[in-house]
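Data block below; observations after.
The values are calculated or read from the model by the stated rules, or taken from the named source; none is laboratory data. Since we're looking at a predicted model, the values are computed, not measured. Cβ sites come from the backbone with ideal geometry, for glycine too, and all protein chains shown count toward neighbours.
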Amino acid sequence: MGEAIIGAAVQVLVEKLIAVATADIGTIFGVKNELTRLKDSFTMIQAFLHDASKRQVEEESVTMWLKKLEDVAYEADNLLDEFNYQIIRREVEFRNRKVCFFFCFTIPLLFRSKMARKIKDVNMKLEMINRDANTYDLHRRLADCPIFLPPVVETNSMAVDPIFLGRKDDASMIINMLVNPSDDVVSVVPIVGMGGIGKTTLARSILNDQQIEQRFNAKAWACVSGYSGSITSIFKRILESLTNNGGMLMSDEAILKHLKEELNGKRYLLVLDDLWDVERKCWEDFKSSLLGINSNKGNFIIVTTRSKDVGEVVNPMYQHSLRELSSDDCWDIIKMRAFANQEEVSEHLENIGRKIASRCGGLPLAANMIAGIYEERQ
């Protein structure tokens, strides 16, 4: 399971780097280029992990390569924790506005100098690890594609879910919002969190809940990660979900006409999954169009997004933020999937499993991926 352990660590790092980039912290502290190099290096290294895991048993040099990668991965993880601390500190200072001008700007300057040196050092180590991978003739998997990227979900929410644990309270809270009577025609619930934290899985669970089935007589799921700025493209995906008819060629007017026919007289719940960016005006235009399509009260939209800014655009008053799972929850996910056919898990395997779970960074995606790899090898 060496590939799985380190692969999970690398996946967590890539997701943290995305979160850091989203917060513009790299630009603010003058280390954007170094952070980009760090992300690109880890993404490239992911492609070597599959081959390395197969060869580590017989080749000591490959085992040492994996160990070096693991050490550098955790070194980089500690650096990113420092960045995340700075993000939180800046947000608190901005809200309170009680910290003096000098303090606010001298600390980042000191931080910039220290972090730039540390990141450059990590990048140099990663370059050596990449060179060693070529020296050991490690092969990339799937034309350099990372093995730990989440699967692409289009307009179908009924794909096989990963193990869903640790989100019961989140699901109950959102379901209660959705089933309670509302005087608004359209209400929006943004689910915000870093990649791999379980936003999509939570939204699927909610959409398929029995209370939701009884409350809403029209439900649609649209993956909008490729959103191009045209609200019509979102309406097209919603219509495809409602009609189970993909690839339809229609004019903008025809799409809205058919959507109105599908939603006429119904209370609907829409899920817009993985919305990366949206301008406030575009979002208001989208909601206004929905009001023209269906004026019944009590309709809802769930939006999953990594961006706090997007969450605030779609609902300035409320965003449901997902926290990392506990190590125990991650272990339960691994156990339920990897050891599903075993009545009992040995103490030795449990100790290993719990150690792996503690390295998942609280991400259910990482736990599910690790369990899936172990399951395939049995």
#### Entry: ASP81 being among the acidic types (Asp, Glu), assigned to a helix (DSSP H, G or I), at pLDDT 75 or above and within 30 Å of GLY372 (Cα to Cα)
no
### Message
Pull out all pairs, ordered by first then second residue, where Cβ-Cβ is under 7 Å, the residues are six or more apart or on different chains, the first lies in region 339-363 and is touching a residue at least 12 places away in the same chain (Cβ under 8 Å), and the second is aromatic (Phe, Trp, Tyr) and buried (at least 19 other Cβ atoms within 10 Å of the Cβ).
### Response
GLY353/TRP331; ARG354/TRP331; ALA357/TRP331
### Task
Note down all Cβ pairs under 7 Å where the first residue falls in region 167-192 and is within 30 Å of CYS330 (Cα to Cα), the second is buried (at least 16 other Cβ atoms within 10 Å of the Cβ) and aromatic (Phe, Trp, Tyr), and they're at least six residues apart or on different chains.
LEU178/PHE300; VAL189/PHE300
## Note on the structure
Screening ALA19, ALA4 for residues that are touching a helix residue (DSSP H, G or I) at 6+ places or on another chain (Cβ under 7 Å) and either of a type in the set (S, T, N, Q) or at pLDDT below 65 (or both) leaves only ALA4
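Residues checked against (1) under 26 Å from GLU324 (Cα atoms); (2) within 26 Å of the chain's Cα centre (by Cα); (3) at pLDDT below 60:
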{"position": "GLN46", "(1), (2), (3)": "yes, yes, no"}
{"position": "LYS54", "(1), (2), (3)": "no, no, no"}
{"position": "GLU59", "(1), (2), (3)": "no, no, no"}
{"position": "VAL72", "(1), (2), (3)": "yes, yes, no"}
{"position": "THR106", "(1), (2), (3)": "no, no, yes"}
{"position": "ILE119", "(1), (2), (3)": "yes, yes, no"}
{"position": "VAL122", "(1), (2), (3)": "yes, yes, no"}
{"position": "ILE129", "(1), (2), (3)": "no, no, no"}
### Message
Looking at region 210-219, can you tell me whether even one residue there is charged (D, E, K, R), in contact with a Lys or Arg (Cβ under 9 Å, 6 or more places away or on another chain) and either touching a residue at least 60 places away in the same chain (Cβ under 8 Å) or surrounded by fewer than 21 Cβ atoms within 10 Å (Cβ to Cβ) (or both)?
### Response
yes
## Note on the structure
Across region 273-303, the tally of residues that are touching a Lys or Arg at 6+ places or on another chain (Cβ under 9 Å) and closer than 21 Å to ASN180 by Cβ stands at 7
### Query
Can you pull out the residues in region 182-210 that are small (Gly, Ala, Ser) and either closer than 18 Å to ASN315 by Cβ or part of a loop (DSSP other than H, G, I, E, B) (or both)?
SER182, SER187, GLY193, GLY195, GLY196, GLY198, ALA203
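So if I check each of LEU178, LEU202, which one is modelled with pLDDT of 90 or more and more than 18 Å from the chain's Cα centre (by Cα)?
Among LEU178, LEU202, only LEU178 is modelled with pLDDT of 90 or more and more than 18 Å from the chain's Cα centre (by Cα).
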### Query
Here are some conditions: (1) assigned to a helix (DSSP H, G or I); (2) at pLDDT below 90. ASP328 meets all but one. Which one does it not meet?
(2)
### Query
If LEU66 passes every condition in (1) modelled with pLDDT under 70; (2) of a type in the set (A, V, I, L, M); (3) outside any loop (DSSP other than H, G, I, E, B); (4) within 21 Å of LEU138 (Cβ to Cβ) but one, which one does it miss?
(1)
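How many residues does region 341-368 contain that are in a loop (DSSP other than H, G, I, E, B) and within 20 Å of LYS168 (Cβ to Cβ)?
So in region 341-368, the residues in a loop (DSSP other than H, G, I, E, B) come out as 341-346, 359-363.
If we keep only those that are within 20 Å of LYS168 (Cβ to Cβ) too, we end up with 360, 362-363.
Residues meeting the conditions: 3.
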### Query
In region 267-285, which residues are on the phi < 0 side of the Ramachandran plot and within 23 Å of the chain's Cα centre (by Cα)?
LEU269, LEU270, VAL271, LEU272, ASP273, LEU275, TRP276, ASP277, VAL278, GLU279, ARG280, TRP283
### Message
I need the full set of residues from region 276-308 which are in contact (Cβ under 8 Å) with a residue 60 or more places away in the chain and in a helix (DSSP H, G or I), in order please.
### Response
LYS287, LEU290, LEU291, LYS308
### Summary
Checked against (1) farther than 18 Å from CYS223 by Cα; (2) in a strand (DSSP E or B); (3) not charged (D, E, K, R), LEU270 satisfies every condition except (1)
